[in-house]
Amino acid sequence: MQTSTNQSLRPLTTKINDKGNIEIGGCDTVDLVNKYGTPLYVIDEVTLRSVCRDYKKAFSSYDKVKLLYASKALCSLATSAIIAEEGFGFDAVSGGEIYTIHKAGVPMGRVLFNGNNKSADELLLALELGVGRISVDNFFELALLDELAKSKGKNVDVLLRITPGIECHTHEYIQTGHLDSKFGFDLTQIDEAVDLILSTYSTLNIKGLHAHIGSQIFETKVFDDEIEILVKEMARINDKFGLKLDEMNIGGGLGVKYIESDLPPSVYEIAEIIISKINSAAEKYNIPKPVLYLEPGRSIISTSGVTLYSIGSSKQVPHGKKYVAVDGGMADNARPSMYQAEYSAVLANNPEGDNLQNVTIAGRFCESGDILIKSISLPEICEGDILCVFNTGAYNYSMASNYNRVEKSAMVLVNNSQSDIIINRETLDDLVSHDMIPDRLRANV
Ligand SMILES: Cc1ncc(COP(=O)(O)O)c(C=O)c1O
């Protein structure tokens, strides 16, 4: 089976150059740090485009496929422009993501708006900008969207987000398709929702069903189970309500390789399983082959990203661990403290050094839980060394915060030995730019 980019631990262009430093996209990472500072998110354009092409090629035999990128994984103007150029549409989950995608110049018909508690303002923005589909999540939203669409004199094409009742073996916080989930209509509520759309919510035009079962998935069987349920439900709804639902969104979820022992399936393997299952299920339940929407996030953007940190203090606990602290941590990468995510790293300026020692990489934020990597073997570390953490493209910047009032990191795009800033580093002034001191307090300071 052909391999795909999500199975690589590092960006595809990663090398050790003749200075002995890690190079990505033809750029020496030490030079990047000297030019842009740390922490620094780096996105390798070749890797990003390569995985988009894997998806296109892998699903090319299914002529009704629509590839959406789940922009929650990382949403920026430049990455949106690249992904759109590769022919993808977008799954957005907020007004901010919709606005960013719009500003990147993406045709809004290619966008699906999804989420369990979209606000009226966000729905209005989606209607005004003309997003292609809205995935409706619950009864409250059905009523709200219909009311807003009526006020704007618009009709809306919708998918019904359902909870298919599938447990996948991933972290509890990134499972979404199990029965007791906050997302979507329970299977037993679908008929009531369809009935309401047909009888009451005249602006809503139901096109199909949507589910997403979880993230960082390595098993393939769960997609099989999901498709079985979606196709069966579509056939049943069509029969019962005399409809012709022909769109099925199976979400995202394909995993990536964060550490050596992670063995995610390739995009090609997943595509084969998904396509053959749709064909057999469509035949079994006697419906035409549906339009297939996929919305991968992590597997599109993760591998292209690394984060460069400067190493500062270190501390040997007597008879205990050696802690090595970097100048970032849980505010630029929340995943280790949030769900014990693991990462691989090397010293960017000494990737092949010997004298390996086991250390714990600590973040700089004021929480004991701010540990980026619990245990890693690195060459002897000196102050000023640069740590390159791999596979940080997804759910790092997009989850970043200003905890401890630390400025958010910059992001550069590298390709062909060229580096371009795509997100500026925040400044101290940015940090206070939204603060106000009421005049009555100012007088007393
Ligand atoms: C509805 C939906 N679609 C797509 C995704 C993207 O998942 P992933 O990044 O695992 O591919 C998510 C992630 O949580 C999601 O909730």
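Here are some notes:
- Dipole in debye (nearest 20) - the chain, about Cα centre, beta carbon charges: Lys, Arg +1; Asp, Glu -1: 400
- Cα long-axis angle, helix 190-199 against the chain (0 to 90 degrees, to the nearest 10): 60
- For region 377-445 and region 202-221, distance of Cα centres in Å: 34
- Listed pairs LYS154/LYS207; LYS57/LYS221; LYS57/LYS289; LYS15/LYS72 exceeding 26 Å between Cα atoms: LYS15/LYS72
- Simple spin-label estimate for HIS434 and THR200 gives 3.5 nm between the two label positions (7 Å along the Cα-to-Cβ direction from each Cα).
- Cα-based convex hull, region 305-432, per residue volume (Å³, whole number): 118
- Listing ASP91, ASP121, ASP262 from fewest to most neighbouring C-beta atoms within 10 Å gives ASP121, ASP262, ASP91.
- For the pair PHE140 and SER375, label points projected 7 Å from Cα toward Cβ lie 4.4 nm apart.
- Annotation: Cα Rg of region 68-167 relative to the compact-globule expectation 2.2 N^0.38 Å equals 1.06.
- GNM flexibility winner over the chain from PRO39, PRO296, PRO351 (Cα, springs under 10 Å): PRO351
- Proximal charge balance of VAL326 [Cβ under 12 Å; K/R count +1, D/E count -1]: -4
- Likely footprinting exposure, ILE437, ILE300, fewest C-beta neighbours within 10 Å first: ILE437, ILE300
- Debye intensity ratio in log₁₀ form over the Cα atoms of region 396-439, taken at each q of 0.23 Å⁻¹: -0.86
- Per-q log10 I(q)/I(0), the chain, q = 0.06, 0.10 Å⁻¹ (Debye; single scatterer per alpha-carbon; no solvent): -0.28, -0.75
- Bridge type composition, the chain - antiparallel percent by DSSP, nearest 5: 45
- The GluC sites (Glu not before Pro) found in region 1-87 include none that occupy coil by DSSP while having at most 16 further C-beta atoms within 10 Å.
Values quoted throughout were computed directly from the atomic coordinates according to the rules given, and no laboratory measurement underlies them. The structure displayed is predicted, hence computed values, not measured ones. With ideal geometry, Cβ positions are generated from the backbone for all residues, glycine too; neighbour counts draw on all protein chains shown.
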